[in-house]
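**Q** The structure follows.
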Amino acid sequence: MTNEPSERHGQQRPWHAEAAAAVLERLGCAETTGLDADEARLRLERHGPNRLPPGKRRPALLRLLLQFHNPLIYVLIASAIITLALDHLIDASVILGVVIINAIIGFVQEGKAEQALEAVRAMLASHATVVRGGERLEIDAAELVPGDIVLLESGSKVPADLRLLKTKNLRINEAALTGESVPVDKGIEAVDEGASIGDRTCMAYSGTVVTFGQARGVVVATGAVTEIGRIGTLVAGVESLATPLSRRLEQFARQITLFILILGLVTFLYGHYFGGMPAFEVFLAVVALAVSAIPEGLPAIVTITLAIGTRIMARQKALVRRLPAVEALGSVTVICTDKTGTLTRNEMTAVRLLLPECTLSVSGVGYAPEGGIKSEGECIEPEQNQPLLDLARCALLCNDARLRRDENGAWVLT
């Protein structure tokens with residue numbers, strides 16, 4: 001039997017359709033002892049670290065140079081060079097200033113968007129509890145390999161795609177993959193090969209979170225081969241399309257360039273050959289005509305307008321990667337979006353407490369320990385309400401959740 005997972009054309013083997021014993025045999029590992037150190041090292045060399053591949057980020061210099069990749073900008077730069085050659089320093093400075101400001105605005109905005117999108121990689125777990133050589137070890141999640149035996153408990157983030165071997169009251173929040181906020185009950189029984197991700201109850205996928213119970217599973221996929229890695233690959237492969245505004249501006253730039261060249265040529269020929277003017281004087285007149293005909297402020301006006309739209313959207317927590325996308329978004333009539341984590345926060349919040357004697361209202365949103373408890377609009381002291389204390393005590397004893405801040409300062413449950 002092979003000790004490697006099978007992937008064809010980016011698709012995982014249907015591990016969810018195989019019995020746990022068959023999966024262990026195919027991966028060449030034992031449930032109780034796991035892999036030994038030498039085998040784990042060999043597999044790490046073969047499969048690579050358990051990390052999502054870095055996104056294809058463009059170098060800062062290339063991103064800056066691309067801000068000048070516009071036919072209208074080419075015309076402005078040529079105009080500035082000619083104006084500078086004629087010692088018209090003020091005019092040249094104004095034109096170059098417009099071009100540079102336009103480039104800086106676009107460069108800064110796109111840089112912020114690319115940095116924010118890197119946060120997606122933080123969805124992966126940083127550490128994992130495994131069984132290697134019969135011993136329980138805590139290792140860096142990047143060192144996981146197919147065939148590793150991983151232990152999960154409440155609050156754990158699943159570090160790789162696992163085929164579950166043993167479970168105890170296991171529930172996993174798979175909102176990162178399916179958008180479904182309700183935790184899914186998990187087991188070890190194989191399911192139909194054609195089952196969707198949300199119905200594969202014998203699998204635990206990288207980036208999801210254990211909300212209750214314990215489990216033992218075997219790693220079947222790591223890094224880019226995981227389901228979340230496959231999604232990342234698909235997203236990275238999306239091609240950027242020119243927006244209607246970009247196409248219209250490019251067309252306008254070509255038209256005005258052609259118009260200025262024809263007008264300049266006609267003016268030069270008429271002034272020199274029919275008007276009898278010296279060639280140099282006619283040339284200066286043609287340059288002045290060309291510079292005055294170029295709409296120097298148009299690129300800056302468009303960029304500033306789009307940047308204002310981007311800033312307004314950023315206040316509403318909507319991140320725009322490319323400035324022209326704001327214009328395309330303005331033409332949208334219907335948005336199909338995932339609810340959980342997009343329109344909602346995937347944080348259950350209590351707003352009413354039903355007690356035998358009264359109903360209390362609770363303020364505050366999400367997991368942040370903020371807000372208060374009110375009865376008929378008046379704040380109350382929880383310590384002075386025995387039924388409320390009894391309810392809180394029951395809630396405390398029925399779960400093992402812990403509230404803490406993550407590395408970004410946000411309140412999370414573990």
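The values are calculated or read from the model by the stated rules, or taken from the named source; none is laboratory data. Every value quoted in this text rests on a predicted model; they were computed, and no experiment measured them. Cβ coordinates were reconstructed from backbone atoms using ideal geometry, including for glycine residues, and neighbour counts include every protein chain displayed.
**Q** Please specify each residue of segment 236-287 satisfying the condition of being small (Gly, Ala, Ser) and modelled with pLDDT under 75.
**A** Matches in segment 236-287: Ala236, Gly237, Ser240, Ala242, Ser246.
**Q** Mind telling me which of the residues Asn408, Asn399 ends up being part of a loop (DSSP other than H, G, I, E, B), within 40 Å of the chain's Cα centre (by Cα) and either closer than 18 Å to Thr349 by Cβ or at pLDDT 85 or above (or both)?
**A** Asn399
**Q** Still on this structure, please answer the following. In this structure, does Gly271 turn out to be in the same structural domain as Pro71 (by TED's automatic domain parsing) and either closer than 26 Å to Ile90 by Cβ or in a helix (DSSP H, G or I) (or both)?
**A** yes
**Q** Could you check segment 68-83 and list, in sequence order, the residues that are without any contact (Cβ under 8 Å) to a residue 12 or more places away in the chain and either farther than 20 Å from Leu261 by Cβ or polar (S, T, N, Q) (or both)?
**A** His69
**Q** Which pairs have Cβ atoms under 7 Å, sit 6 or more apart or on different chains, and link a residue in segment 268-290 that is surrounded by fewer than 12 Cβ atoms within 10 Å (Cβ to Cβ) to one that is assigned to a helix (DSSP H, G or I)?
**A** Correct list of pairs: Ala279/His272.
**Q** Just name the residue that is farthest from the chain's Cα centre (by Cα) out of those in segment 359-396 that are exposed (fewer than 12 other Cβ atoms within 10 Å of the Cβ) and β-branched (Val, Ile, Thr).
**A** Within segment 359-396, the match that is farthest from the chain's Cα centre (by Cα) is Thr359.
**Q** Of all residues in segment 186-204, count the ones that are among the hydrophobic types (A, V, I, L, M, F, W, C) and closer than 11 Å to Ala20 by Cα.
**A** Matching residues across segment 186-204 total 4.
**Q** Would you pick out the residues in segment 57-90 that are part of a loop (DSSP other than H, G, I, E, B) and of a type in the set (D, E, K, R)?
**A** If the condition is that a residue be part of a loop (DSSP other than H, G, I, E, B) and of a type in the set (D, E, K, R), then Arg57, Arg58, Asp87 are the ones that fit.
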